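Structure first, then comments.
The values are calculated or read from the model by the stated rules, or taken from the named source; none is laboratory data. None of these values were measured; they are calculated from a predicted model. Ideal geometry is used to build each Cβ from the backbone, glycine not excepted, and the neighbour counts take in all protein chains shown. Ligands, DNA and RNA are excluded from the accessible area calculation, which covers all protein heavy atoms including side chains. Shrake-Rupley method; radii C 1.70, N 1.55, O 1.52, S 1.80 Å.
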Amino acid sequence: MKNGPLIVIGLFAGLTISWAGIVLGTNAQLGAQTPYYDDTDSLAYPQRTSGIAVQGQMVYTDLGCASCHTEQVRRPGFGSDQDRGWGDRQSVARDYIFQPRPQLGSLRVGRDLANYGASKPDPAQLMRLLYVGSVTHPSFKFLFDNRQIVGQRSDYALDLEGSAAPRPGYEVVPTARARALVAYLLSLNNSYAYPEARPAAPEAKTSEPQKK
């Protein structure tokens, strides 16, 4: 084929232009976003994750939590996320500017976690869930140490009952990874309303001129 090289070059050019439009164009639009400064609060949003919660996101990623949970609230009309209490407004790109590995997820075996910390969950109850599990949630016992009590009982020891309780003289204590994971989950709060997260005002309908 005489035109074979031209066809190959054309296909390559088309793919390159498409890639540049999607990847580079999107990065140009969203990659340079900065925190939104609120004059009323004298604070910038979103705020950086601090403390051991930063390590907790790494644990979250390592455990594959995004396989069953999402961190994105859909806009009204695209689901019932807000009706379920998962957020008061849709998620926007600015929510993730300080996250090196946004865990958006694509499947909801469990609830959405974008605003989990805003619901003020009980840390002790969350620890028990991670250790014991439930019908719909796996147990992560490897994140805990079942150890003999030496001297005073640990302040981090879980209060467990029934078959989950350790044998006498022993205690179940969360490891550093478990404490970091819980700190990360408690830090999830995307409740601040950015201007771009507000629903667009419906367009006013213009009446058509009457025909004479």
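Packing-based ranking of 177-189, 70-82, 161-173 yields 177-189, 70-82, 161-173, ordered from highest to lowest mean Cβ neighbour count within 10 Å.
Calculated from the structure, Rg and Dmax of the Cα atoms in Å equals which of (1) 24.4, 97; (2) 20.5, 69; (3) 19.9, 64? Looking at Rg and Dmax of the Cα atoms in Å for this model, the match is (1).
Between Thr175 and Gln82, the FRET efficiency estimated from the beta carbon spacing at R0 = 41 angstrom works out to 0.70. Computed from label points 7 Å out along Cα-Cβ, the spacing between Ala164 and Met58 is 2.8 nm. Amide H contacts for Asp145 (H built 1.01 Å from N in the peptide plane; partners 5 or more residues away or on another chain; cut-off under 5 Å): Val173, Thr175. Counting only protein heavy atoms and a 1.4 Å probe, tell me what percentage of region 32-155's accessible area is made up of carbon and sulfur. Roughly 51 percent, rounded to a whole number. Whole-Hz Karplus values for region 128-135 come out as 5, 4, 5, 7, 8, x, 8, 4 Hz, taken residue by residue from phi with 6.51 cos²θ - 1.76 cosθ + 1.60 and θ = phi - 60°; glycine and proline positions read x. Mean projected area of the convex hull spanned by the Cα atoms of region 86-195, taken over all viewing directions: 8.6 nm². Each Lys or Arg adds one and each Asp or Glu subtracts one; over the other residues with Cβ under 15 Å from the Cβ of Thr61, this totals 0.
For the chain, the longest principal axis of the C-alpha atoms and the axis of helix 53-63 are separated by about 90°. Approximating the spin labels as points 7 Å out from Cα along Cα→Cβ, the Val109-to-Tyr36 distance works out to 3.4 nm.
In region 10-135, Rg over Rh equals 1.03, where Rg is the alpha-carbon radius of gyration and Rh the Kirkwood radius from pairwise Cα distances. With contacts taken as Cα pairs under 8 Å and at least 6 residues apart, the chain reaches a relative contact order of 24 percent.
Taking amide H atoms as placed 1.01 Å from N in the peptide plane, the amide H of Tyr36 lies under 5 Å from those of Tyr45, each 5 or more residues away in sequence or on another chain. How much FRET efficiency would the formula 1/(1 + (r/R0)^6) give for Tyr45 and Ile22, where r is the Cβ-Cβ distance and R0 is 35 Å, rounded to 0.05? In this case the efficiency is close to 0.80. The stretch between Ser139 and Asn3 holds 42.9 nm of extra length on full extension. This uses 0.36 nm per residue minus the Cα-Cα distance.
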